[in-house]
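None of the figures in this text is laboratory data; all of them are computed from the coordinates on show. Note that the coordinates shown come from a computational prediction; the quantities given were computed from them, not determined experimentally. Positions of Cβ are backbone-derived with ideal geometry, glycine not excepted, and every protein chain shown enters the neighbour counts.
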Amino acid sequence: MSRLKTLVRNQSGVQPLRGGHSLCQGCGIPMVVRTVLSTIDRPTVVVNATGCLEVATTRYPTTAWNVPWLHVAFENAAAVASGVESAQRALRRRHALPGDEDVAVVVFAGDGGTYDLTAIAIAHHAPYVAQAVAVHWHDLSRKVELAVGVDGPAFINVLTDCPLGWGHEPRISARVLNAAVDTCFWPLYEVVDGTYGLSYRPEQPEPIESWLGLQARFAHLLADENRQLVAEIQRQVDADWDELLARCAPEPSPSPRN
Ligand code: SF4
């Protein structure tokens, strides 16, 4: 409950990311950024790799950010974040920062230029790794709270939509993102100290066409001559889902739907 109170308080006060940016209509990025930053109940520094979020929120001479913010390249976001963390410790040693005030360092990165696979973060024994989606904001907020609480780095892979690139109407953003989860294309789960847990289990997984069919970028796959490709994608999604279920605790507790 205190997490939700923090989220509401931060969203109704000085928002970490305010309006007036130029992210596209229906883009899921601002929903993710606001959910993440408004969940955190301590001072926060944002490290932002190059991408739409960076470009569209910092058009000279304006900014949409109300928190300390650094722009970095695709590949060095984690290195810069660890530098911010080291600077924080150095300032504390010199008594230039209050000893008891912890500062959260949050990296926002995407565009496929900063990370490859959730599995790589797990393989490196990060204490907290999770997969989330913009529209299940309650689940995302809970995962952020856990991530900022761990001792060490945490990684959350969040799916957001891109109406422009994916080819769908902005008004169906939530439907598209829900389809990714309900077809098991994008399962919601977390890995805490190496232990897998499912966060949400669709009652009856939908066929992969429910996800593909909402986006113009996949229109060619639904042509008659490509039916075998869709069947192949379905087999892969099913296999990945079964593998994930086998890794997860036997009694997953479903997240509330948002
Ligand atoms: S191009 Fe896509 S990701 Fe970038 S701002 Fe527009 S909708 Fe969002």
Sorted by chain and number, the residues with a modelled amide H under 5 Å from that of residue 70, at a separation of 5 or more or across chains, are 46, 47, 48
Alpha carbon centroid spacing (whole Å) that separates region 110-151 from region 202-245: 24
Would you mind checking the tilt of helix 173-182 against the longest principal axis of the Cα atoms of the chain, expressed as 0 to 90 degrees and rounded to 10? 70
Summing Lys, Arg as +1 and Asp, Glu as -1, what charge do residues with Cβ under 14 Å from the Cβ of residue 19 carry, residue 19 excluded? +3
What is the fewest-to-most order of 173, 12 by other Cβ atoms lying within 10 Å of their Cβ? 12, 173
Can you give me the relative contact order of region 2-247 as a percent, contacts being Cα pairs under 8 Å and 6 or more apart? 17
Tilt of helix 137-149 relative to the longest C-alpha principal axis of the chain, in degrees (0 to 90, nearest 10)? 40
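Report the charge-dipole magnitude of the chain in Debye, nearest 20, computed about the Cα centre from +1 at each Lys and Arg Cβ and -1 at each Asp and Glu Cβ. The partial results should precede the final answer.
Numbers: 21 positive and 28 negative charges, 247 e Å.
I would put it at about 1180 debye.
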Taking amide H positions as placed 1.01 Å from N in the peptide plane, with prolines and chain starts having none, which residues 5 or more places from residue 158, or on another chain, fall under 5 Å of its amide H? 132
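Charges only on Cβ, +1 for Lys and Arg, -1 for Asp and Glu: so what's the dipole of region 202-246 about the Cα centre, in debye to the nearest 20? Can you show the working numbers first?
Working: 3 positive and 10 negative charges, 44 e Å.
Magnitude of the dipole: close to 220 debye.
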Residue with peak Gaussian network fluctuation, the chain [Cα springs, cutoff 10 Å], from 98, 61, 163: 61
Does anything in region 195-221 have its amide N under 15 Å from the 7 Å Cα→Cβ label point of residue 249, and if so which residues? 195-201
Cα-centre dipole for region 134-239 with unit charges at Cβ (Lys and Arg positive, Asp and Glu negative), debye to 20: 180
Please determine, in degrees from 0 to 90 and to the nearest 10, the orientation of helix 2-12 with respect to the longest principal axis defined by the Cα atoms of the chain, where the helix direction is its Cα long axis. 80
With springs only between Cα atoms under 10 Å, which of 212, 140, 222 fluctuates most in a Gaussian network model of the chain? 222
Which of 164, 77, 184 sits farthest toward the positive end of the charge dipole of the chain, with +1 on the Cβ of Lys and Arg and -1 on the Cβ of Asp and Glu? 77
